[in-house]
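Student: Right, I'll just put the structure down here and ask away after.
The values are calculated or read from the model by the stated rules, or taken from the named source; none is laboratory data. Because the structure is a prediction, the values reported are computed rather than measured. A quick note on method: Cβ atoms are made from the backbone with ideal geometry, for glycine too, and the neighbour counts reach across all protein chains shown. Accessible surface is based on the protein model in full, side chains and every heavy atom, while ligands, DNA and RNA are left aside. Shrake-Rupley method; radii C 1.70, N 1.55, O 1.52, S 1.80 Å.
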Amino acid sequence: MVLASATLTIMAAAIIAPSLPAMGEVYGEGVLIRLALTITSLAIAVSAPAAGLLADKTGRKPLLTASLALYATAGTAGYFVTNLPLLLTTRAVLGLAVGGIMTAVSALIADWFEGSERSKFLGYQQAAAGLGGVVFLPLAGVLAAQDWRLPFWLHSAAALIAAAAATGLTNERPPSRTRTTGPFPKEALGIYVMALMATLIFYMAPTQLPFLLKSMNATPTTIGVVIAGSTASSVVGALLYPKLTTTRTTAISVGLLGAGWLVIGYAPNTATVTAGLLIGGLGVGLVVPNLNTTLADLAEPAQRGRILSGLVAGIFLGQFLSPLALEPVVRVTGIAQAFTWTGAATIAAGAVLALTYKEKTA
């Protein structure tokens, strides 16, 4: 049920991406509509440090089961609300749940495994998260084509996983009873920043692409399938990660993300957009388990929840900031050119990382 829980995380906010154009017709297009997707990410980023503290002090299982139950409740509530402020509130509460789920899952895997086995299962965690997008995003597109509110019901899957976790999770590490841990690893701050920037760029897919694809006459179903392509290739990247022996994994992954976005910027049709997403998704699938493994190796057992929660915060703060940071670029250049310029800058960043940043092999 740990990997099943991971399938609910990355897709939690993006699952309503195929509904965004229709939501824009109801509530008005603009940044606020995109916030219906990304406010979830802000809530995750803000709540993750508290979730990490709870994971270390009260245990992983209580945090995981309670967060799954909250996820099901807050996620499906979006179907019933009838105004934008209340919808944004339910999406924020959903974010609190995701922060708890991601932190608990990462801490459990770090507790259970060491060395190459840890790298492998952290890769599986990211693959499961990507697989959730592969399954749920196309389904969300099909549902959104019928009624833009229907995708909210997909969050109810968490109720079944919560029941399984409550009854079946029995081998977690006991909560820490010590008040003292080692010093905070300074290297973690740089890892958090890298996660934030990579995610800020990658999240152009669900926040900007629906509108670019709509201009190409794509249907909601097509939008869901195309955006799911990025999560499909992220599964491949995550599964490949444990097999890598290079110390340049971060640089390679950032370069792949930039190359994919450059392809999208010049894409004349949905097929080419999909190709760019597959390339970019492969890069993200590599970078997340790589940073997760590095942090798990840095943290002592009694502080793993707190240290790993910082990565969760960085990832989802990047998601929240993505439409806000890129809105000026989109307004000036248009969506396609925003992908072009962002892709070029990301490739340059990957080149800098290749020259300056090394990590341990998986």
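Student: Quick one: would you say A36 is part of a helix (DSSP H, G or I), farther than 17 Å from M204 by Cβ and open to solvent by less than 50 Å² (accessible area, probe 1.4 Å)? If you could, list the steps in order and put the result at the bottom.
Tutor: On the way: part of a helix (DSSP H, G or I): yes; farther than 17 Å from M204 by Cβ: no; open to solvent by less than 50 Å² (accessible area, probe 1.4 Å): yes.
No, not satisfied.
Student: Farther than 23 Å from G100 by Cβ and within 14 Å of the chain's Cα centre (by Cα), is that true of G280?
Tutor: So G280 passes the test.
Student: Now for a different question. Would you point out the residue of the stretch 15-33, among those that are open to solvent by less than 10 Å² (accessible area, probe 1.4 Å) and within 26 Å of A129 (Cβ to Cβ), that is modelled with the lowest pLDDT?
Tutor: Top of the filtered list is I33.
Student: Same structure again: State the number of residues belonging to the stretch 129-174 that are in a helix (DSSP H, G or I) and among the hydroxyl-bearing types (S, T, Y). Show your work before the answer.
Tutor: Initial filter on the stretch 129-174 (in a helix (DSSP H, G or I)): 129-146, 150-168.
Still in the running and among the hydroxyl-bearing types (S, T, Y): 156, 167.
Counting residues in the stretch 129-174 that are in a helix (DSSP H, G or I) and among the hydroxyl-bearing types (S, T, Y) gives 2.
Student: Please verify whether the stretch 89-107 includes one or more residues that are at pLDDT 85 or above, outside any helix (DSSP H, G or I) and in contact with a helix residue (DSSP H, G or I) (Cβ under 8 Å, 6 or more places away or on another chain).
Tutor: Looking through the stretch 89-107, none of the residues is at pLDDT 85 or above, outside any helix (DSSP H, G or I) and in contact with a helix residue (DSSP H, G or I) (Cβ under 8 Å, 6 or more places away or on another chain).
Student: To continue, here is another question. Would you be able to say whether some residue in the stretch 332-348 is open to solvent by 20 Å² or more (accessible area, probe 1.4 Å), farther than 30 Å from A92 by Cβ, assigned to a helix (DSSP H, G or I) and among the aromatic types (F, W, Y)?
Tutor: Scanning the stretch 332-348, I find at least one residue that is open to solvent by 20 Å² or more (accessible area, probe 1.4 Å), farther than 30 Å from A92 by Cβ, assigned to a helix (DSSP H, G or I) and among the aromatic types (F, W, Y), so the answer is yes.
Student: Here is a further query. Taking into account only those residues within the stretch 236-295 that are of a type in the set (A, V, I, L, M, F, W, C) and in a loop (DSSP other than H, G, I, E, B), which is most open to solvent (accessible area, probe 1.4 Å)?
Tutor: Across the stretch 236-295, the extreme among qualifying residues is L244.
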